[in-house]
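Data first, discussion second: the structure below is written as structure tokens.
The values are calculated or read from the model by the stated rules, or taken from the named source; none is laboratory data. Worth saying up front: this structure is predicted, and the values here are computed from it rather than measured. So basically every Cβ, Gly included, is an ideal-geometry build from the backbone, and we count neighbours across all protein chains shown. The protein model used for the area step is the full one, side chains on, heavy atoms only, and it has no ligands, DNA or RNA in it. Shrake-Rupley method; radii C 1.70, N 1.55, O 1.52, S 1.80 Å.
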Amino acid sequence: DYSQSSKLMPLVIKCLQLLFLDRKQLSNDRIGAYVKRLLMMSLYVAPNVAISLLAVVKQILLKYPKAEQLFDNEISAGATYLPDVENPELSNPFASSAWELMTLRQHFHPEVARWPTLLPAGAPISDIPTRSPLLLLSDFDFENKGSLNPPPIEPTPHPLEKNISRTEKRIQKAMQLGNTAKLIKDTYYISPSVEYPTTDFLLSNQSKFNDETVKPSKEQLQSFKTFLETQSI
């Protein structure tokens with residue numbers, strides 16, 4: 001349940017900070033195990049939760065830079081990552097890698113997609129948000145605010161939308177004039193010749209319907225006219 005998990009997240013973040021940031025020192029294997037699991041969790045939670053978890057990961061990495069071994073392409077030979085063991089010391093986190101970052105870079109939320117570039121040590125300090133993970137959790141909570149922050153970018157219109165719009169206008173005009181014969185001939189295809197190569201099948205059918213000798217029968221005209229009248233254009 002999203003609402004229930006959202007209420008628990010502030011407590012989870014405080015516990016993580018108490019465990020990793022307020023303690024003097026922990027083993028590198030334990031740190032790597034928790035960083036790996038937090039990265040995995042960030043793939044399956046709401047954007048504001050993912051952002052706050054990634055912010056906690058950044059805080060952990062600043063205190064324990066050796067855990068950045070997870071960002072290396074080379075993994076420990078002869079070992080297997082065991083995410084389900086009870087003792088995180090025995091999970092062999094460095095037998096895996098932080099592959100989750102590649103997936104997070106494709107996230108629909110731009111702030112989540114930005115965080116994978118901020119985690120490694122070489123990230124510019126000026127790019128790293130100064131707000132605490134708890135503030136980030138609240139600032140990007142779309143359920144309480146009623147909208148995404150920032151608003152999603154509208155996709156670019158598809159190139160064929162203009163063709164479809166012109167075809168719809170031509171259908172309306174032909175119906176008004178009662179010229180259904182010309183409508184049948186002209187609106188069989190929308191040819192995306194710029195985006196896709198024209199196939200032999202399309203060429204053969206276009207040639208057939210461009211031939212003036214090919215005319216629809218009265219039954220075809222009546223059937224097509226009936227069909228158009230039942231459609232809401």
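List of remarks:
- Above 16 Å, the calculated P(r) of segment 1-61 contains 42 percent of its Cα-Cα pairs.
- Protection proxy ranking of 43-52, 22-31, 156-165, 129-138 - average other beta-carbon atoms within 10 Å, highest first: 43-52, 129-138, 22-31, 156-165
- Summed over the residues of segment 10-144 and divided among them, the accessible surface reaches 53 Å² per residue at a probe radius of 1.4 Å.
- Heavy atoms of Trp99: accessible area, 1.4 Å probe, square angstrom to 10: 120 Å²
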